[in-house]
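The structure appears below as structure tokens.
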Amino acid sequence: MDTLPTAIVGDAYTSSHLWNLLCDLVDLDNRMAGQEGEAEGAQLVKDAFDSYGLRDASITEFEIPGWWRGSSSLTVEHERTHAFDAQHETVALPGTPSGDVTAEIIDIGHGLPEDFQTTDVAGKLVLASSLTPDGYGRWIHRGEKYGAAVRGGAAGFLFRNHLDGNLPPTGSVGNEDGPGDIPAIGVSKEVGKRLVRYCEDSETRARLAIDCRNERTTTRNIEAVVGPETDEEVLVTAHIDAHDIGEGANDNGVGTVLVTEIGRLLMQIADDIETRVRCLVFGAEEVGLYGAYEWTETHDLARVKCIINLDGAGYSRTADIYTHGYDAIGEAFTAVQDEFGVPVEISSDIRPHSDHWPFVQRGVPGAQGRSVADDSGRGWGHTHGDTLDKLDVRDLRDLSVVFTAGILELARADREIPHKPVSEIRAATIEQDYEAGMRNAGTWPFEETNTTEDDD
């Protein structure tokens with residue numbers, strides 16, 4: 001089948017299935033990785049797969065390092081002592097260790113690699129913006145800034161939002177097997193600007209205190225299939241977990257419900273699909289891509305034709321596809337753009353920070369499906385403001401049509417999408433200037449011995 005039937009498009013534009021499921025997900029207390037809400041959300045997704053008639057719906061559990069929020073505060077010694085300790089003034093970053101340190105605050109600006117090269121941060125509380133300046137060439141991830149602070153011998157890490165709204169940002173800083181090395185919190189743009197001003201005036205000291213719990217817990221992946229029993233399959237994926245300070249409506253409730261909706265729509269033309277499609281929702285993305293890594297380590301990746309990972313969609317209806325240099329994926333979405341006459345942004349850039357990456361780094365063709373938003377960075381994501389009221393069901397319906405049509409295109413038997421040598425992915429990651437930052441963050445996946453591998 002070359003195109004998405006008109007009846008399916010009409011169904012998508014009148015469906016309430018995805019919005020109803022999204023409401024159910026955001027009404028859970030929280031979907032933090034390895035906690036009760038994530039488990040309840042996983043069951044909701046499996047129930048949706050079952051009710052839509054997808055085959056072999058299952059939940060697979062496995063262990064990960066868990067993290068539970070306690071209290072956090074920052075007490076600043078500047079003329080008059082001021083304590084930032086209310087819920088919306090500081091948030092401990094998931095994976096942080098507990099700690100109680102007093103040290104000088106130093107403003108590192110944007111936290112670019114060159115900022116750390118020219119500034120002595122040893123023994124200090126490092127204050128870094130969440131912003132990557134326009135024109136820099138690539139996004140500097142929070143984990144990279146935290147890792148650079150650790151490598152520089154910092155005593156603690158203060159991550160300040162660059163967007164208005166008095167909302168502190170969250171995001172994981174844990175290591176692969178447990179907590180990070182130094183205590184870390186997020187603060188709002190408004191609190192951050194005040195701290196920057198204090199640093200400009202004179203040497204400013206502060207006490208950073210965090211109480212939290214780090215211990216092993218259980219997360220899970222949820223999956224089901226639609227279409228024929230073929231040797232290879234197309235994966236459409238998202239993640240069920242969300243940060244505990246918001247509802248996780250956009251990040252990544254939207255991605256999760258889009259995966260279920262794509263499965264529902266494809267079921268109506270299951271006999272015409274040429275390659276099996278696996279709808280797969282991972283656990284524990286926000287704290288280290290654990291669900292995706294678990295799946296790649298327990299399945300034959302040679303059977304994966306490609307993966308489309310939906311993460312970062314929802315704040316608009318214009319799809320945004322990052323192909324990681326797999327041109328055949330971009331060509332499939334160009335065909336969708338031509339068929340429906342709607343804009344689809346397509347980039348060949350590397351994006352090594354979501355559940356497609358454990359596949360792409362092994363040479364599996366993969367793309368991240370997002371939507372174009374006006375705000376720089378995550379917008380409301382990773383804050384208390386990631387709530388249902390920011391979203392519009394009409395955007396989700398548009399995206400469901402574009403991504404379903406794209407998956408159908410990718411499932412065509414005559415559309416070849418070759419795997420790449422690991423060495424080629426490694427070279428592209430280096431060329432796009434990610435190596436130093438990923439090494440700082442402890443996420444560089446390519447051993448030196450991989451440079452001559454032809455596949456993985």
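The values are calculated or read from the model by the stated rules, or taken from the named source; none is laboratory data. Predicted model, so just to flag it, every value in this text is computed and none were measured. For neighbour counting, all protein chains shown are included, and Cβ atoms are generated from backbone atoms with ideal geometry for every residue, glycine included. Protein only, heavy atoms only, side chains kept; ligands, DNA and RNA dropped before computing areas. Shrake-Rupley method; radii C 1.70, N 1.55, O 1.52, S 1.80 Å.
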Worksheet item: Restricting attention to the range 360-377, and to residues there that are more than 10 Å from Ile321 (Cβ to Cβ) and open to solvent by 10 Å² or more (accessible area, probe 1.4 Å), which single residue is modelled with the lowest pLDDT?
Response: Ser376
Worksheet item: Can you tell me which residue in the range 237-268 is nearest to His88 (Cα to Cα), limited to those that are among the hydrophobic types (A, V, I, L, M, F, W, C) and open to solvent by 10 Å² or more (accessible area, probe 1.4 Å)?
Response: Ile245
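Residue-wise test of (1) more than 24 Å from the chain's Cα centre (by Cα); (2) open to solvent by 30 Å² or more (accessible area, probe 1.4 Å); (3) under 17 Å from Thr219 (Cα atoms).
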{"residue": "Glu63", "(1), (2), (3)": "no, yes, yes"}
{"residue": "Trp67", "(1), (2), (3)": "no, no, yes"}
{"residue": "Ser71", "(1), (2), (3)": "yes, yes, no"}
{"residue": "Val91", "(1), (2), (3)": "no, no, no"}
{"residue": "Thr96", "(1), (2), (3)": "no, no, no"}
Worksheet item: From Glu229, Glu247, Glu223, Glu261, which residue is outside any loop (DSSP other than H, G, I, E, B) and more than 15 Å from Asn309 (Cβ to Cβ)?
Response: Glu261
Discussion item. I'd like the full set of residues that are touching a helix residue (DSSP H, G or I) at 6+ places or on another chain (Cβ under 8 Å) and over 20 Å from Arg69 (Cα atoms), limited to the range 151-165.
Written reply: Arg151, Gly152, His162, Leu163, Asp164, Gly165
Worksheet item: For the range 292-318, which residues satisfy the criterion of being among the aliphatic types (A, V, I, L, M) and open to solvent by less than 10 Å² (accessible area, probe 1.4 Å)?
Response: Ala292, Val304, Ile307, Ile308, Leu310, Ala313
Practice prompt. Among the residues of the range 1-43, write down those that are in contact (Cβ under 8 Å) with a residue 12 or more places away in the chain, among the acidic types (Asp, Glu) and farther than 20 Å from Val393 by Cβ.
Written response: Asp2, Glu38, Glu40
Worksheet entry | Yes/no for His356 being crowded, with 24+ Cβ neighbours inside 10 Å, touching a His at 6+ places or on another chain (Cβ under 8 Å) and modelled with pLDDT of 95 or more | yes
Worksheet item: What number of residues within the range 96-121 are under 23 Å from Arg138 (Cβ atoms) and touching a residue at least 60 places away in the same chain (Cβ under 8 Å)?
Response: 2
Item to complete: Please work out which residue is surrounded by the most Cβ atoms within 10 Å (Cβ to Cβ), limiting yourself to the range 119-139 and to residues that are at pLDDT 95 or above and of a type in the set (Val, Ile, Thr).
Response: Val126
Item to complete: Look at Ile346 and say whether it is at pLDDT 95 or above and open to solvent by less than 10 Å² (accessible area, probe 1.4 Å).
Response: no
Worksheet, complete the sentence: Apart from one, (1) open to solvent by 40 Å² or more (accessible area, probe 1.4 Å); (2) in a strand (DSSP E or B); (3) farther than 26 Å from Pro445 by Cα all hold for Glu274; the odd one out is (2)
Worksheet item: Just wondering, is there one or more residues in the range 415-423 that are at pLDDT 95 or above and in a helix (DSSP H, G or I)?
Response: yes
Fill in: Scan of the range 166-195 for residues that are over 22 Å from the mean Cα position of the chain (by Cα) and surrounded by fewer than 18 Cβ atoms within 10 Å (Cβ to Cβ), ordered by number
Asn166, Glu190, Lys193, Arg194
Discussion item. Among the residues that make up the range 63-74, is at least one of them out of contact with any Pro (no Cβ under 6 Å at 6 or more places or on another chain) and in a loop (DSSP other than H, G, I, E, B)?
Written reply: no
Worksheet item: Which of (1) open to solvent by 10 Å² or more (accessible area, probe 1.4 Å); (2) over 26 Å from Gly66 (Cβ atoms); (3) in a helix (DSSP H, G or I) does Val336 not meet, given it meets every other one?
Response: (1)
Practice prompt. Search the range 50-74 for residues that are within 26 Å of Leu21 (Cα to Cα) and in contact (Cβ under 8 Å) with a residue 24 or more places away in the chain and pair each with any residue that is open to solvent by less than 40 Å² (accessible area, probe 1.4 Å) and of a type in the set (Asp, Glu) when their beta-carbon atoms are under 7 Å apart and the residues are at least 6 apart or on different chains.
Written response: Ser58/Glu223
Worksheet item: Which one of Glu223, Glu232 is in contact (Cβ under 8 Å) with a residue 40 or more places away in the chain, among the acidic types (Asp, Glu) and buried (at least 16 other Cβ atoms within 10 Å of the Cβ)?
Response: Glu223
Worksheet item: Quick one: what pairs do we get from the range 294-318, first residue at pLDDT 95 or above, second of a type in the set (Asp, Glu) and surrounded by 24 or more Cβ atoms within 10 Å (Cβ to Cβ), C-beta under 8 Å, 6+ apart or different chains?
Response: Asn309/Asp355; Asp311/Asp251; Asp311/Glu285; Asp311/Asp355
Discussion item. I'm checking my understanding of the structure. Among residues of the range 100-114 that are surrounded by 19 or more Cβ atoms within 10 Å (Cβ to Cβ) and not β-branched (Val, Ile, Thr), which one is farthest from Lys189 (Cα to Cα)?
Written reply: Leu112
